[in-house]
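The values are calculated or read from the model by the stated rules, or taken from the named source; none is laboratory data. Remember, it's a predicted structure, so these values are computed and weren't measured experimentally. Positions of Cβ are generated from backbone atoms using ideal geometry, with glycine treated the same way; all protein chains shown enter the neighbour counts.
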Amino acid sequence: MLIKINDVITECLDEPKLGLKLNENKAVLFWNEVVGDDVAKNTRPTAVRNNILFVSTNNPVWAHQLTIMKTKIIETVNKKLKTTIKDIRFQPRGIN
């Protein structure tokens, strides 16, 4: 018996945990589009765990500035990507 790939994908995406993980990871995949060029050049999203997005920054100044803007960034990410990011942790790691 043949099963259409669309049916398999749809069934997998209907799994609550898988769908949630895919939505969360959209924040990593589309970070550059959401935050714009200036921020994207100085940051790199690294992971999403328990609805917390982890972002590496070029230096502590970027981490501090983005922490101040965190609430607005979370709202923008969740609105544009229909995700449920609850927090963002900015970590100065020198990405360039």
Exercise. How many of the residues in region 54-90 are hydroxyl-bearing (Ser, Thr, Tyr) and assigned to a loop (DSSP other than H, G, I, E, B)?
Worked result: 2
Exercise. What single numbered condition from (1) assigned to a helix (DSSP H, G or I); (2) modelled with pLDDT under 80; (3) out of contact with any Cys (no Cβ under 7 Å at 6 or more places or on another chain); (4) exposed (fewer than 13 other Cβ atoms within 10 Å of the Cβ) fails to hold for Leu18?
Worked result: (3)
For this session: Could you check Ile52 against (1) hydrophobic (A, V, I, L, M, F, W, C); (2) surrounded by 14 or more Cβ atoms within 10 Å (Cβ to Cβ); (3) closer than 22 Å to Asn25 by Cβ and say which number it fails?
Result: (2)
Seminar exercise, completed: Subset of region 55-96, residues modelled with pLDDT of 95 or more, surrounded by 14 or more Cβ atoms within 10 Å (Cβ to Cβ) and hydrophobic (A, V, I, L, M, F, W, C), comes to Val55, Trp62, Ala63, Leu66, Met69, Ile73, Ile74, Ile88, Phe90
Exercise. For region 30-49, what are the residues that are of a type outside the set (Lys, Arg), in contact with a strand residue (DSSP E or B) (Cβ under 9 Å, 6 or more places away or on another chain) and either loosely packed, with under 12 Cβ neighbours inside 10 Å or part of a strand (DSSP E or B) (or both)?
Worked result: Thr43, Pro45, Thr46, Ala47, Val48
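Could you pull out the residue among Asn42, Asn32 that is in contact with a helix residue (DSSP H, G or I) (Cβ under 7 Å, 6 or more places away or on another chain) and modelled with pLDDT under 95?
Asn32
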Problem set entry | Every residue from region 49-75 that is within 11 Å of the chain's Cα centre (by Cα) and either in contact (Cβ under 8 Å) with a residue 24 or more places away in the chain or closer than 15 Å to Val35 by Cα (or both) | Asn51, Ile52, Leu53, Phe54, Val55, Ile73, Ile74
